[in-house]
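Structure first, commentary second.
The values are calculated or read from the model by the stated rules, or taken from the named source; none is laboratory data. Please read all numbers here as calculations on a predicted model, not as lab measurements. Using ideal geometry, Cβ is built from the backbone for each residue, glycine included, and neighbour counts are taken over all protein chains shown. Accessible surface is based on the protein model in full, side chains and every heavy atom, while ligands, DNA and RNA are left aside. Shrake-Rupley method; radii C 1.70, N 1.55, O 1.52, S 1.80 Å.
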Amino acid sequence: MLKKGYLVYGLQRRASTPNTYRIDHLYDNPKFPNFVTIYGDLSESSSLLNILSQIKPDEIYNLGAQSHVQVSFDVPEYTANVTGLGALRLLDVVRHLKLPVRYYQASSSEMFGKVSNEKYQNENTPFNPQSPYGLSKVFAYHLTKIYRDSYHIFASNGILFNHESPRRGITFVTRKITMGLSRVKLGLQGTLKLGNLSSQRDWGYAKDYVEGIWKIIQYKTPEDFVLATGETHTVRQFVEEAAGLLKFNLVWKGKGGKEVGIDKKRNKTIIEIDPSYFRLKEVDYLLGDASKAKKLLNWKPKVNFRKLVEIMLRNDFDLAKKELKLGRKVFVKKINI
Ligand code: GDD
């Protein structure tokens with residue numbers, strides 16, 4: 001957005017220790033004078049009212065959420081409040097202030113949940129969420145449509161399949177794998193512990209997807225669009241791809257909770273299964289059909305699965321090398337991951 005010349009206001013949730021490491025390079029950087037953050041919270045209507053009435057933005061991108069699916073089982077009420085009601089609060093302020101704004105709602109492929117027979121999921125596929133997170137996203141999705149139709153607000157949903165990058169949080173599976181295997185390779189950790197290796201995801205590159213998000217908001221009418229790559233892979237395949245790039249000679253042994261991944265070269269276990277990472281309810285299979293976005297927005301992703309794993313692994317192997325050089329304590333302080 002900054003490169004496109006926007007003045008960008010970021011809503012910043014107060015935390016007792018800094019958690020802005022992903023955007024720290026934008027602060028006090030003469031290259032980005034147009035970046036401002038303001039304290040506020042999606043759980044508080046008055047803060048949103050204050051901020052929006054001052055800024056009067058042209059576009060709002062609501063990417064805010066408690067976004068971890070498994071954690072949503074531990075904090076379901078908080079998840080519904082921020083992920084679901086947060087969208088209502090924003091849209092209701094827009095309605096009250098009569099702002100002529102374009103509103104983007106970050107909807108999620110997690111809304112499809114357990115799919116029945118459809119090979120691909122698109123804008124017409126029914127939702128069957130499997131978590132408090134997925135359900136909260138369904139609420140926000142429908143509310144966006146209801147406010148669009150009832151109050152004529154320019155409000156669009158982007159239904160995005162998993163999008164990853166080196167900025168992904170380290171508790172999500174892709175980053176956990178690229179970071180974990182890099183650390184195992186350099187002897188910084190013994191094994192990588194994972195949950196369900198069989199679930200399938202349509203993983204794309206976040207940089208491609210933000211371009212799609214922007215295109216959704218520039219489109220002539222407010223509409224809902226799926227963004228996806230049209231390729232699906234198992235968690236196991238992600239592990240195998242990353243392990244191959246790191247030159248592990250990975251073989252699988254055992255079944256279920258007892259399965260392990262062994263590096264044959266050194267005859268050493270590098271992957272273990274930890275039951276605590278299994279979900280109470282799992283979304284087994286996601287594969288998106290983004291043909292509407294391709295046709296109407298001329299959007300298509302540039303980075304495929306193999307390239308994505310490579311981009312993330314290269315970043316994390318470099319980080320692991322830094323950690324090895326500096327020691328964990330200094331590294332964590334410096335890199336702040
Ligand atoms: N996090 C995690 N950790 N997931 C694991 C692990 C593990 O150790 N082992 C296996 N998995 C499996 C999960 O069970 C799930 O099937 C899959 O890996 C992907 O999990 P996540 O990376 O946590 O992502 P997600 O698909 O649940 O949700 C992400 O994508 C959604 C879009 O569909 C999040 O970014 C959501 O916010 C987003 O809406």
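At 1.4 Å probe size, with the rest of the protein present, what percent of the exposed accessible area of segment 272-337 is carbon and sulfur atoms?
53
When the Debye formula is applied to the Cα atoms of segment 1-105, each taken as the same point scatterer, what base-10 log of I(q)/I(0) results at q = 0.20, 0.21, 0.22 Å⁻¹?
Summing over Cα pairs of segment 1-105 leads to -1.17, -1.24, -1.30.
What does the charge add up to near Ser156, with Lys and Arg as +1, Asp and Glu as -1, over the other residues with Cβ less than 13 Å from its Cβ? Each step should come with its number before you reach the end.
Working: positive: Arg102, Lys145, Arg148, Lys215, Lys220, Lys292; negative: Glu59, Glu123, Asp149, Glu223, Asp224.
Charge balance near Ser156 sits at +1.
Treating only the Cβ atoms of Lys and Arg (+1) and Asp and Glu (-1) as charged, compute the dipole magnitude of segment 1-131 about its Cα centre; round to the nearest 20 debye.
Computed about the Cα centre, the dipole is about 380 debye.
With the alpha-carbon atoms as the only input, what is the per residue convex hull volume for segment 103-208 in Å³? Mind dumping the intermediate values first?
Numbers: hull volume 13.6 nm³, N = 106.
Here the figure is 128 Å³ per residue.
Can you give the FRET efficiency for Phe172 and Lys300, using 1/(1 + (r/R0)^6), R0 = 30 Å, r = Cβ-Cβ distance, to the nearest 0.05?
E between Phe172 and Lys300, to the nearest 0.05, is 0.80.
Please work out the ratio of the alpha-carbon Rg of the chain to 2.2 N^0.38 Å and round it to two decimals. Could the numbers behind the result be given before it?
On the way: Rg = 20.8 Å, N = 337, 2.2 N^0.38 = 20.1 Å.
Rounded to two decimals, the normalised Rg is 1.04.
Give the accessible surface of segment 267-329 per residue, rounded to a whole number of Å², with probe radius 1.4 Å and ligands, DNA and RNA excluded.
In whole numbers, segment 267-329 has 63 Å² accessible per residue.
Among Val332, Ile217, Leu250, which residue has its Cα positioned farthest towards the positive end of the charge dipole of segment 216-337, with +1 placed on the Cβ of Lys and Arg, -1 on the Cβ of Asp and Glu, and the dipole taken about the Cα centre?
Farthest towards the positive end: Val332.
Between the alpha-carbon centers of segment 18-51 and segment 244-311, tell me the distance in whole angstrom.
33
Percent of accessible area on segment 75-211 owned by carbon and sulfur, 1.4 Å probe?
Looking at segment 75-211 in its full context, I get 54 percent from C and S.
Return an integer: the convex hull volume of the alpha-carbon atoms of segment 159-267, in Å³ per residue.
Dividing the Cα hull volume of segment 159-267 by its residue count gives 112 Å³.
What net charge do the residues around Leu42 carry, taking every other residue with its C-beta under 15 Å from that of Leu42, with Lys and Arg at +1 and Asp and Glu at -1?
0
To the nearest 0.05, how large is the calculated FRET efficiency for Lys56 and His152 if R₀ is 22 Å and r is the Cβ-Cβ distance?
For Lys56 and His152, the calculated efficiency is 0.75.
Which of the lysines could be linked to Lys281 by a straight reach, that is with a Cα gap under 23 Å, when you skip same-chain ones fewer than 8 residues away?
The qualifying lysines are Lys114, Lys119, Lys137, Lys176, Lys193, Lys255, Lys258.
For labels at Val75 and Met1 in the simple 7 Å Cα→Cβ model, what's the distance in nm?
2.3
Within the chain, which whole H helices from DSSP have a Cα span along their axis of at least 30 Å and a mean Kyte-Doolittle hydropathy of -1.0 or more, if any? Please report the intermediate quantities before stating the final value.
Working: long enough: 305-326 (32 Å, -0.23).
Span-like helices, by this rule, are 305-326.
Quick one: putting +1 on the C-beta of Lys and Arg, -1 on the C-beta of Asp and Glu, what dipole do you get for segment 188-337 around its Cα centre, in Debye to the nearest 20? Spell out each step's value before the answer.
On the way: 31 positive and 19 negative charges, 143 e Å.
Here the size comes out at about 680 debye.
Per residue, how much accessible surface does segment 1-153 expose to a 1.4 Å probe? Answer in Å², no decimals. List each step's numbers first, then the result.
Values: 8440 Å² over 153 residues.
Averaged over the residues of segment 1-153, the accessible area is 55 Å².
When Lys and Arg each count +1 and Asp and Glu each count -1, what net charge do the other residues less than 14 Å away from Phe139, Cβ to Cβ, add up to?
Spelling it out: positives minus negatives among the neighbours equals 0.
I want to verify a result. In a Gaussian network model of the chain, Cα cutoff 10 Å, which of these has the top mean-square fluctuation: Asn304, Asn315, Asn29?
Among Asn304, Asn315, Asn29, the largest GNM mean-square fluctuation belongs to Asn29.
So how far apart, in nm, are the two label points at Lys31 and His68 if each is 7 Å from Cα heading toward Cβ?
Rounded to a tenth, the inter-label distance reads 3.1 nm.
According to the Cα gyration tensor, what semi-axes, each the square root of 5 times an eigenvalue, does the equivalent ellipsoid of segment 48-104 have, listed from largest to smallest in whole Å? The partial results should precede the final answer.
Working: eigenvalues 133, 22, 13 Å².
Over the Cα atoms of segment 48-104, the ellipsoid semi-axes are 26, 10, 8 Å.
Test of understanding: in a Gaussian network model of the chain with alpha carbons linked when under 10 Å, which of Arg13, Arg201, Arg89 would top the mean-square fluctuation ranking?
It is Arg13.
Along the positive direction of the dipole of segment 97-222 (beta-carbon charges: Lys, Arg +1; Asp, Glu -1; about the Cα centre), which of Asn124, Trp203, Pro166 reaches farthest?
Pro166
Quick one: Cα convex hull volume of segment 20-169, Å³ per residue?
Dividing the Cα hull volume of segment 20-169 by its residue count gives 134 Å³.
Expressed as a fraction of 2.2 N^0.38 Å, the rule-of-thumb size for a compact globular protein of N residues, what is the C-alpha radius of gyration of segment 258-313?
This ratio for segment 258-313 stands at 1.79.
How large is the charge dipole for the chain, taken about the Cα centre, if only the Cβ atoms of Lys, Arg (+1) and Asp, Glu (-1) carry charge, to the nearest 20 debye?
With only Lys, Arg, Asp and Glu charged at Cβ, the dipole is about 1300 debye.
Extension gain Asp24-Lys114, at 0.36 nm per residue separation less the Cα-Cα distance, in nm?
Gain on extension, Asp24 to Lys114, equals 28.6 nm.
Any chance you could count the Lys pairs in segment 1-109 whose alpha carbons are under 22 Å apart, treating pairs 8 or more apart or on different chains as valid?
Taking segment 1-109 as the scope, the lysine pair count is 5.
Note the direction-averaged projected area, equal to a quarter of the hull surface, for the Cα convex hull of segment 92-151, in nm². It would help to have the intermediate numbers written out before the result.
Details: hull surface 18.7 nm².
Its Cα hull, projected and averaged over all orientations, spans 4.7 nm².
Counting only DSSP beta bridges with both residues in the chain, what percent are antiparallel, rounded to the nearest 5?
25
Would you mind getting the accessible area per residue of segment 191-252, heavy atoms of the protein chains only, 1.4 Å probe, in Å²? Could the numbers behind the result be given before it?
Values: 2290 Å² over 62 residues.
It amounts to 37 Å² per residue over segment 191-252.
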